[in-house]
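Here's the structure we're looking at; comments come further down.
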Amino acid sequence: MRKYKMLLAGEPVDAASGETFESFNPYTGRPWALIPRAAAEDVDRAVAAARHAFRSPEWRGLTPTARGKLLSRLADVIAARADELAEYETRDNGKLILEMRAQLRYLPEWFRYFAGLADKLEGRVIPIDRPGIFNYTLEEPLGVVAAIVPWNSPLMLAAWKMAPALAAGNTFVWKPSEHSSVSALEMAPLFAEAGLPPGVVNIVTGFGTEIGDALVAHPDVAKVAFTGGDATGAQVYQTAARNIKPVVMELGGKSANIVFADADLDNAVKGVVSGIFAATGQTCVAGSRALVHRSIHDEFVERFLALARTARMGDPLEESTQVGPITTRPQYDKVLGYIDIAKSEGARCALGGGPAARPECGDGWFVEPTVFTDVGPSMRIAQEEVFGPVLAVIPFDTDDEAVEIANGTQYGLAAGVWTSDVARCLTMAQRLEAGTVWINTYRVSSPLSPFGGYKRSGFGRESGLLAIREFVQEKSVLIETSGAKVPNPFIVR
Ligand code: TXE
């Protein structure tokens with residue numbers, strides 16, 4: 001068993017209590033690493049380290065250009081370790097090595113992109129309507145940013161928060177998921193290697209239910225960046241509200257992949273398969289509802305099932321594996337629970353529908369790729385986030401009906417559209433209530449492109465030019481330049 005330490009003030013440390021917990025390999029269902037089990041006092045230590053670093057000349061004294069260079073160096077250091085980090089992620093969360101490798105090789109781009117923005121926070125000169133007053137603004141960092149991250153893409157979802165927060169001059173306390181802390185702790189030494197001063201990034205590990213509140217409520221945490229489920233998001237939001245604290249949050253979804261009669265069916269089938277079975281459906285943007293035009297419904301389903309049946313399950317470290325295990329035991333139970341709910345609601349199970357009892361799946365937490373047809377838009381399987389390899393197929397007759405069904409959930413993270421009609425591309429992009437609309441493609445992301453939710457999927461944006469604005473505050477400076485005497489001091493000017 002590998003035993004890990006947290007990162008506080010640049011030092012590898014145990015939890016103050018000395019307690020640890022086990023991290024599981026979802027492919028074997030067995031523990032493989034020991035992670036420090038932090039408590040509130042460890043959160044205090046982490047925030048104090050970040051607060052100290054925020055005020056230190058080593059960090060605050062850097063020019064934004066120098067800060068950007070440090071982030072570029074961090075990108076290089078991560079790039080050199082990308083494959084190694086990917087392997088740790090696969091062992092810890094069971095996602096395919098091919099996917100994690102691609103993700104980790106691309107991850108440095110987030111640091112490079114925001115490194116480039118570090119010295120472009122320019123402030124403004126305001127042509128103020130008060131004679132004799134010179135008014136300008138400063139774009140200042142907030143202070144300590146706390147990031148709470150889930151298990152499905154541990155390093156990527158952390159990087160989406162860390163890169164803009166550091167570029168803007170904040171310091172960082174990172175709480176990975178208790179289900180996937182290993183890659184964060186493996187990354188811990190890289191910050192010093194890149195030349196970041198100690199305490200700029202701190203990692204505190206443990207259970208959300210034990211340290212989440214302490215972190216979110218901590219008076220020295222200036223902002224919380226959260227990705228996770230909406231129920232947890234609501235708790236985080238409440239705690240933040242009680243402490244008058246801003247948050248940015250991404251809370252998952254129930255994304256619709258809409259296939260029109262004029263779509264290139266081959267592409268659409270592959271796109272919808274990838275939307276739901278890639279990452280074993282454990283992605284916030286999973287296209288978990290396929291809305292299919294009635295005229296092509298049967299042909300689409302037939303071709304979809306034919307392709308889905310070929311999915312090779314097994315060891316996620318094998319490059320030939322196409323569908324891996326579910327990351328956590330509770331999530332495995334949740335997915336199977338939703339399969340039962342769908343059956344009891346009257347949906348027709350056209351594929352899968354239970355645990356995968358294949359020899360290549362060993363003792364891991366595997367669920368068969370599952371497809372339900374005859375799904376009504378108001379069924380729970382069509383409304384609630386499953387976060388697993390379970391697709392609900394819903395037929396539609398008109399564009400209006402497709403839009404109504406697609407928009408008819410509380411979520412609004414992403415949507416996919418498959419059509420060859422340019423006018424339809426444009427109108428659907430406009431009418432869909434989702435933070436991202438993919439047209440004739442799915443799951444493309446980039447540091448340059450804003451990402452975030454509409455409705456219950458969250459608020460604020462990660463990636464893209466404006467993401468750095470989540471981590472700055474604007475200060476307005478007003479200077480009297482005319483030399484005029486202060487007029488009547490009892491009247492506000
Ligand atoms: O996520 P949680 P879980 C959805 C998905 C899944 C469900 C639950 O539907 O089935 O959420 O997954 C920390 N205060 N998504 O339980 O609980 C926790 O330690 C502060 C969608 O894994 O949201 C972890 O670091 N923090 C999602 C992080 O919150 C708390 C990705 C996320 O955990 C806390 C993952 C508390 N009270 C799951 N309780 C997406 N948007 O992509 C827990 N945490």
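Here are a few things to note about the model shown:
- Note on the stretch 107-125: among residues that are open to solvent by less than 50 Å² (accessible area, probe 1.4 Å) and among the aliphatic types (A, V, I, L, M), the one that is farthest from residue 466 (Cα to Cα) is 107.
- Qualifying positions in the stretch 237-280 - in contact with a helix residue (DSSP H, G or I) (Cβ under 6 Å, 6 or more places away or on another chain) and more than 18 Å from residue 387 (Cβ to Cβ): 239, 240, 243, 247, 248, 258, 259, 261, 269
- For the stretch 164-186, a tally of residues being more than 19 Å from residue 61 (Cα to Cα) and away from the ligand (no atom under 16 Å from the Cβ) returns 1.
- Within the stretch 1-27, the set of residues being closer than 14 Å to residue 37 by Cα, open to solvent by 60 Å² or more (accessible area, probe 1.4 Å), part of a loop (DSSP other than H, G, I, E, B) and not acidic (Asp, Glu) comprises 5, 17.
- Residue in the stretch 401-414 that is more than 22 Å from residue 233 (Cβ to Cβ) and either acidic (Asp, Glu) or modelled with pLDDT under 95 (or both) present: yes
- Out of 67, 45, 60, one residue alone is under 13 Å from residue 201 (Cα atoms) and at pLDDT 95 or above. It is 45.
- Listed by position, the strands (runs of 3 or more DSSP E) inside the stretch 387-463 whose residues that are on the phi < 0 side of the Ramachandran plot and surrounded by fewer than 23 Cβ atoms within 10 Å (Cβ to Cβ) number at least 3 are 436-439.
- Any hit, the stretch 71-82, residues being in contact with a Lys or Arg (Cβ under 7 Å, 6 or more places away or on another chain) and among the polar types (S, T, N, Q): yes
- Members of the stretch 209-225 that are near the ligand (Cβ under 7 Å from one of its atoms) and either closer than 18 Å to residue 461 by Cα or open to solvent by less than 30 Å² (accessible area, probe 1.4 Å) (or both): 212, 215, 216
- Of the residues contained in the stretch 467-490, one or more are found to be away from the ligand (no atom under 16 Å from the Cβ), in a helix (DSSP H, G or I) and open to solvent by 60 Å² or more (accessible area, probe 1.4 Å).
- Screening the candidates 129, 119, 92 for the property of being of a type outside the set (Gly, Ala, Ser), free of Cβ contacts under 8 Å to residues at least 24 places away in the same chain and not assigned by TED's automatic domain parsing to the domain that holds residue 389 yields one hit, 129.
The values are calculated or read from the model by the stated rules, or taken from the named source; none is laboratory data. Keep in mind that this is a model prediction, so the values were computed, not measured. We place every Cβ from the backbone using ideal geometry, glycine too, and count neighbours over all the protein chains shown. Areas reflect the complete protein model, heavy atoms only, side chains present, ligands, DNA and RNA absent. Shrake-Rupley method; radii C 1.70, N 1.55, O 1.52, S 1.80 Å.
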